[in-house]
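What follows is a set of notes on a single structure, which appears directly below.
What follows is calculated from the coordinates using simple rules that are stated; it is not laboratory data. None of the values given here were measured: they were computed from a predicted structure. With ideal geometry, Cβ positions are generated from the backbone for all residues, glycine too; neighbour counts draw on all protein chains shown.
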Amino acid sequence: MSNSSWGAPQAAGQAGYWGPTGGGPAQPVPEAVPAGPTYDAPEAQQTRPMPIVPDVPAYGGDQDDNRGAARLSGPLFRDETFQTGELPAETQNPEPMPDAPQPAPAPQKKSAGRDLSAAIGVGVGLGVVIVASLFIQKAVFVGVIAVAVVVGLWELTSRLQERKGIKAPLVPLAVGGAAMVVAGYVRGAEGAWVAMALTALAALVWRMTEPPEGYLKDVTAGVFAAFYVPFLATFVALMLTADDGPWRVLTFLLLTVVSDTGAYAVGWRFGKHKLAPRISPGKTREGLLGAVLFAMVAGALCMQFLIDGGTWWQGLLLGLAVAGSATLGDLGESMIKRDLGIKDMGTLLPGHGGIMDRLDSLLPTAPVVWLLMVIFVGSA
């Protein structure tokens with residue numbers, strides 16, 4: 001601020017901003033000049049009188065109808081104009097006080113993440129088809145297993161090609177997979193192993209008709225798919241060969257479904273501690289305990305009342321094993337889907353995803369139940 005901006009002396013006998021002046025009548029200080037600290041400056045020689053600033057009503061009076069009027073400027077005033085309806089930036093978006101209470105977030109309602117009505121309807125429909133075919137004619141149920149295997153192989157190989165560019169040979173896998181299930185039912189475990197070997201060999205030969213680039217990864221995926229889907233499903237057909245085979249298969253299905261249901265119900269209601277967050281964030285330790293409890297109770301009842309020669313304590317062990325294998329099977333497919341970057345293997349079953357999304361816990365559980373049944377009550 002230069003000396004020419006301010007300089008009007010005050011009345012005689014008062015110290016002004018620039019001290020006493022050389023002469024002339026004292027000029028009154030305009031009211032618009034704010035009071036400030038005073039000091040003496042003896043070397044100041046002569047100053048010009050400060051121009052009188054007209055009085056301007058404070059902002060907020062009747063003159064607000066024309067807010068584009070001139071404002072006082074200088075170090076003590078904001079030299080800016082406001083358009084009609086506009087406020088300074090600091091008043092438009094005031095920052096909240098640090099200690100001001102913040103509104104609590106609205107509680108989020110837990111969701112199942114799927115269409116439950118569709119899932120229940122599809123599940124009931126599948127259950128009716130499976131149970132009807134199981135007790136009407138064993139051969140019909142073997143056909144149901146073969147169809148599920150072929151559809152599951154189609155879903156798996158399609159996702160591998162879409163997401164990873166892996167071309168597992170579907171034709172030999174589908175034919176060999178269906179033959180594997182039939183061979184297991186007709187010739188037992190020996191027939192299942194032979195069919196598995198022939199299916200793997202057919203996949204190797206079939207892939208030779210295409211260029212060699214990617215041959216190794218394609219045939220490796222083919223052998224994996226043959227083992228993962230049809231070979232594990234063959235143990236369901238092996239259970240069916242016993243005299244009480246339909247009841248063994250029904251026990252296997254009931255325990256797996258009850259285990260999944262117990263895990264979902266307890267985990268959804270009480271789940272707090274993640275079981276494997278890097279693989280399946282929705283699974284909890286509480287859910288696993290629910291699966292074990294539900295499966296052990298169901299296993300004791302099934303072994304006691306459905307299986308010839310079975311006892312309740314065997315059912316407890318069977319239920320514990322089923323809960324473990326079903327959970328591992330679910331986590332295993334979750335690893336596959338995470339690697340592929342997908343949520344479901346397919347969309348064939350509304351509310352469930354694809355066939356493979358329903359077989360994930362059944363496939364690894366089948367050999368476990370078959371083996372324990374043989375140990376507890378024999379294979380006949």
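Between K272 and D339, the contour length at 0.36 nm per residue exceeds the alpha carbon distance by 21.6 nm.
Rounded to whole numbers, the Karplus 3J(HN,Hα) couplings from phi for the stretch 135-144 are 9, 7, 7, 4, 5, 5, 5, 4, x, 4 Hz, using 6.51 cos²θ - 1.76 cosθ + 1.60 with θ = phi - 60°, and x at Gly and Pro. Among V368, V258, the ranking by other beta carbons within 10 Å of each residue's beta carbon, starting with the fewest, stands as V368, V258.
Here is the tail figure for the stretch 206-346: Cα pairs spaced more than 22 Å apart come to 52 percent of all pairs.
Computed on the stretch 235-331, with alpha-carbon pairs under 8 angstrom and 6+ residues apart, the relative contact order is 27 percent. Taking label positions 7 Å along the Cα-Cβ direction at both Q161 and F227, the computed distance is 2.4 nm, reported to one decimal. Over all projection directions, the Cα-based convex hull of the stretch 201-242 averages an area of 3.2 nm².
Of the residues K217, K272, K167, the one with the fewest other Cβ atoms within 10 Å heads the list, and the complete ranking is K272, K217, K167.
Each principal axis of the Cα atoms in the stretch 137-241 has its own extent, and those three values, largest first, are 45, 23, 16 angstrom.
Amide H contacts under 5 Å for L275: K283, T284, R285, restricted to partners 5 or more places along the chain or on a different chain, H placed in the peptide plane at 1.01 Å from N. Phi angles across the stretch 313-318 convert, under the Karplus curve 6.51 cos²θ - 1.76 cosθ + 1.60 with θ = phi - 60°, into 3J(HN,Hα) values of 5, 5, x, 5, 5, 5 Hz, Gly and Pro given as x. Seen from K274, the other residues with C-beta closer than 13 Å to its C-beta sum to a net charge of +3, counting Lys and Arg as +1 and Asp and Glu as -1.
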